[in-house]
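No value in this document is a laboratory result; all are computed from the given coordinates. Being a predicted model, the structure only gives us computed values, none of them experimental. No Cβ is skipped: glycine too gets one built from the backbone with ideal geometry, and neighbour counts run over all protein chains shown.
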Amino acid sequence: MTGTRRGELTIHDDPAALSAGIRTLRRAGRPVALVPTMGALHAGHRALIRAARATPGASTVVSIYLNPLQFEFRHDLDRYPRRFDADLAVCREEGVELVFAPSVAAMSPSGSDTTVVPGALGTELEGASRPGHFIAVLTVVAKLFGIVGPDRAFFGEKDYQQLVLVQRMVQDLRMGVHVVGVPTVRDTDGLALSSRNVHLDGEARAAAVALSAALNAGAQAGVHGPDAVLAAASDVLAGQPAVALDYLALRDPQLGPAPQRGPARLLLAATVGATRLIDNVDLHLGVADVALDVNGRGGLRCSGRC
């Protein structure tokens, strides 16, 4: 499949061939904007691609790689939706020039054993619930950066801890990539878009709205301080027995301890039915700073259709 063209889209599965193609672009003076994905592209990914394409003069590269090392359980990997042809259609519609869709063997050849180990933050929150998860994430992102050599890389804020850790890796290892966070895209009822949402049946889908509702309640309570934020969010979750909470945490924007006043980030993870979901929202503590939704009521800050 190396160098295959489908319409105006070029698809590579060989890292060396992709790198060679990008060197040609660089000789023409074009910067490179990368959107790393695991496929099953939805409106949230479209927002990432559009942000990448807004980079002046850039060539946009979308990677589609379902990294098996990021899944603690095989059944979770097997359940992950795979829609490669549909993903290519999304890329074509959004004006992507290059798609990199490598095999597992291409990304992790036999004998590969070098990994990127995050600092203490990698063992907290998602890292505590999914040991080793961020080693897998940072290692594959580092490989993608090495193969693609992007000037900019775009990540969604829904996976906020991942975004912070990638930014730290780039800074600590002097990778020279500008990592851009793109606001979470939400459905009309506030649920954050995720490839995992396809596994929610009607009852679970209705219950899952409690996650964004809890974050909304917490954000509205920010003016009253940290304890009020956590209490307000917890009250909403307690009213939805179908939601099994993993964690609810209030941190500063870099995921250190929460301040008493100023910018903060409220994060949660929960299982609804058989599907584990994560979400988060930015807020201000001790400051009346709540956005209005489309009906004029206080609501989550988000992009897309919320």
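At-a-glance table
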quantity	calculated
Amide H contacts of Tyr80 (H built 1.01 Å from N, under 5 Å, at least 5 apart or other chain)	none
Within a Gaussian network of the chain (alpha carbon springs, distance under 10 Å), most fluctuating of Thr55, Thr24, Thr37	Thr24
Proxy reagent accessibility, fewest Cβ within 10 Å first, across Glu126, Glu94	Glu94, Glu126
Considering only the chain, percent of DSSP beta bridges that pair antiparallel, nearest 5	55
Helix 226-238 axis, angle to the chain major axis (alpha carbon atoms, nearest 10°)	90
Amide hydrogen neighbours beyond the local backbone of Asp246, cut-off 5 Å, H modeled	Ala269, Ala270, Thr271
Karplus-derived HN-Hα couplings along region 266-272 (A = 6.51, B = -1.76, C = 1.60, θ = phi - 60°), whole Hz, x at Gly and Pro	9, 10, 8, 9, 7, 9, 10
Helix 133-148 vs. the chain, principal-axis angle (Cα, 0 to 90°, nearest 10)	40
Backbone N under 20 Å from the Asp14 label point (7 Å along Cα→Cβ), restricted to region 64-107	64-65, 98-107
Degrees separating the helix 202-220 axis from the principal Cα axis of the chain, which is the longest one	70
Ser110/Thr188 FRET efficiency (R0 45 Å; Cβ-Cβ; nearest 0.05)	0.45
Packing rank of 272-285, 224-237, where each peptide gets the mean count of other beta carbons within 10 Å, highest leading	272-285, 224-237
Gaussian network model of the chain, springs between alpha carbon atoms under 10 Å - residue of Leu77, Leu255, Leu34 with greatest fluctuation	Leu77
Under Karplus coefficients 6.51, -1.76 and 1.60, residue-wise ³J(HN,Hα) of region 87-104 in Hz, glycine/proline x	5, 5, 4, 4, 4, 5, 5, 8, x, 5, 8, 10, 10, 10, 10, x, 7, 4
The chain shape via C-alpha gyration tensor axes, a/c threshold 1.5	prolate
Length released on extending from Arg74 to His284, taking residue separation times 0.36 nm less the Cα-Cα span	71.7 nm
